[in-house]
Amino acid sequence: MRPFTYVLAIVPVAVAAISCTGGRGADGNDGTNCTVAQSDGSAIITCSDGTTATVADGAVGPAGTNGKNGANGVDGETGATGTDGLTSLIKLSDEPAGTNCSTGGTKVQSGQDINNNGILDASEVVATKYICTGIKGATAIPSLILTGKEPAGVNCLDGGVIIQTGPDSNGNGVLDPLEIAQTQYLCKTACTVNRRTVAVPSVDHASLDYVSSLTFDDNALHVQTDATHDTVGWVGFDLSALPSNGVVLAATLSLRHDPTLSTNSGNPIIQVIGGTANHFTRTSVTPTNMPQGPDVSAPISAISVDAWNAVPITLAPSQFATDRSDGYLTLGIVDASTGDSSVSFYGSTDASTRPYVEFDVVTCD
């Protein structure tokens with residue numbers, strides 16, 4: 001058997017890569033346009049397809065814990081101490097009978113303690129006033145003035161001067177606690193203390209008889225007491241000239257005796273009383289609507305004829321406060337004698353003879 005010969009033939013084969021591409025798909029739908037508007041903390045979304053949606057803020061969460069306080073800052077430097085103001089002083093001394101006071105009285109001096117020695121020296125006196133003693137009647141009671149330092153407190157924030165006045169009822173020459181009728185304070189402030197006299201002329205008058213109910217209509221203040229008469233001469237004063245910040249230390253009513261009507265009949269003793277019917281007129285006032293108030297002066301028995309007569313008066317604090325508020329002071333002149341007597345003074349018609357009140361006033365300007 002013939003042997004077979006096998007021949008292996010290697011034939012190269014080329015392999016090609018085949019790429020397959022599908023067809024184009026359909027276009028997608030257009031997106032929807034939307035707008036956002038803010039309203040009261042919410043967002044309102046509105047789309048072109050008509051749909052809307054509201055997105056609100058969530059609830060406010062609880063407040064967080066407060067942080068710790070920071071450390072205090074460093075204090076600033078203390079400023080320099082200001083210069084102390086000068087202390088105002090008042091000095092009272094007896095005034096003998098003479099040129100300044102015919103019957104004697106009290107000399108009142110005031111000023112600032114420039115050298116700070118606590119004493120009002122002669123060179124420091126800037127104002128001098130005399131409070132003269134009136135001619136005393138049989139039962140006259142003199143008035144006293146007491147001044148002293150007022151410590152810082154309720155009455156005066158930074159301290160000052162206390163001024164007390166009243167009648168010397170027991171005649172011991174000392175203003176005892178039970179005799180104090182008025183207390184005023186002159187407080188220390190950054191100001192200049194001035195003491196002066198303010199003269200207030202009368203603006204109207206009337207004479208009323210409380211027995212016969214007669215009203216006089218002339219330029220006179222009739223004062224009469226007898227079995228058929230009890231005539232009081234009333235006079236009114238406009239207080240607008242008094243400084244509103246002034247402290248009144250004393251007051252004196254001056255009356256001009258009228259000799260044309262009569263000289264003094266009998267032994268009249270005049271005395272000044274208060275009145276509560278303010279802003280009266282001679283044509284409207286009557287004994288019925290003009291009540292008589294308390295005594296505001298000591299009786300005066302020695303009356304100067306055809307001359308001025310000065311009568312120191314002490315005004316009740318509560319009533320005078322009302323008078324100052326109303327701007328009007330009413331005073332009456334009565335006959336305090338027990339016998340039949342009469343006297344006349346000029347009324348308010350003539351400026352040269354009309355009654356007037358001199359107020360001793362201290363102000364802080």
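The values are calculated or read from the model by the stated rules, or taken from the named source; none is laboratory data. Just so we're clear, the structure is a prediction, and the values are computed from it rather than from any experiment. Neighbour counts run over all protein chains shown; Cβ positions are idealised from the backbone, glycine included.
The set of residues from the stretch 195-241 being surrounded by fewer than 20 Cβ atoms within 10 Å (Cβ to Cβ) and aromatic (Phe, Trp, Tyr) comprises 210, 216.
The single condition among (1) in a loop (DSSP other than H, G, I, E, B); (2) surrounded by 19 or more Cβ atoms within 10 Å (Cβ to Cβ); (3) among the small types (Gly, Ala, Ser) that residue 244 does not meet is (2).
Each residue in the stretch 68-93 was checked for being at pLDDT 70 or above, exposed (fewer than 10 other Cβ atoms within 10 Å of the Cβ) and either in the same structural domain as residue 150 (by TED's automatic domain parsing) or not polar (S, T, N, Q) (or both), and 10 of them qualify. From the list 180, 162, pick out the single residue that is in contact with an Asp or Glu (Cβ under 7 Å, 6 or more places away or on another chain), of a type outside the set (Asp, Glu) and either farther than 19 Å from residue 92 by Cα or not assigned by TED's automatic domain parsing to the domain that holds residue 321 (or both). None of the other options fit; the residue is 162. Among 321, 351, which is free of Cβ contacts under 8 Å to residues at least 60 places away in the same chain, more than 18 Å from residue 223 (Cα to Cα) and not assigned by TED's automatic domain parsing to the domain that holds residue 166? Matching residue, one of 321, 351: 321. Among the residues making up the stretch 194-227, a single one is of a type in the set (Phe, Trp, Tyr) and either in a strand (DSSP E or B) or in contact with a helix residue (DSSP H, G or I) (Cβ under 9 Å, 6 or more places away or on another chain) (or both): 216.
Test residue 284 against the stated conditions and say whether it is of a type in the set (Ser, Thr, Tyr) and more than 20 Å from residue 209 (Cβ to Cβ). Here the answer is no, as residue 284 does not meet what is asked. Just to be sure, is residue 161 among the β-branched types (Val, Ile, Thr) and at pLDDT 90 or above? So residue 161 does not fit the description; no. If you go through the stretch 283-341 and pick out every residue that is among the β-branched types (Val, Ile, Thr) and closer than 20 Å to residue 251 by Cβ, you end up with 10. One residue alone among 206, 220 is touching a Ser or Thr at 6+ places or on another chain (Cβ under 6 Å) and either free of Cβ contacts under 8 Å to residues at least 60 places away in the same chain or not polar (S, T, N, Q) (or both), and that residue is 220.
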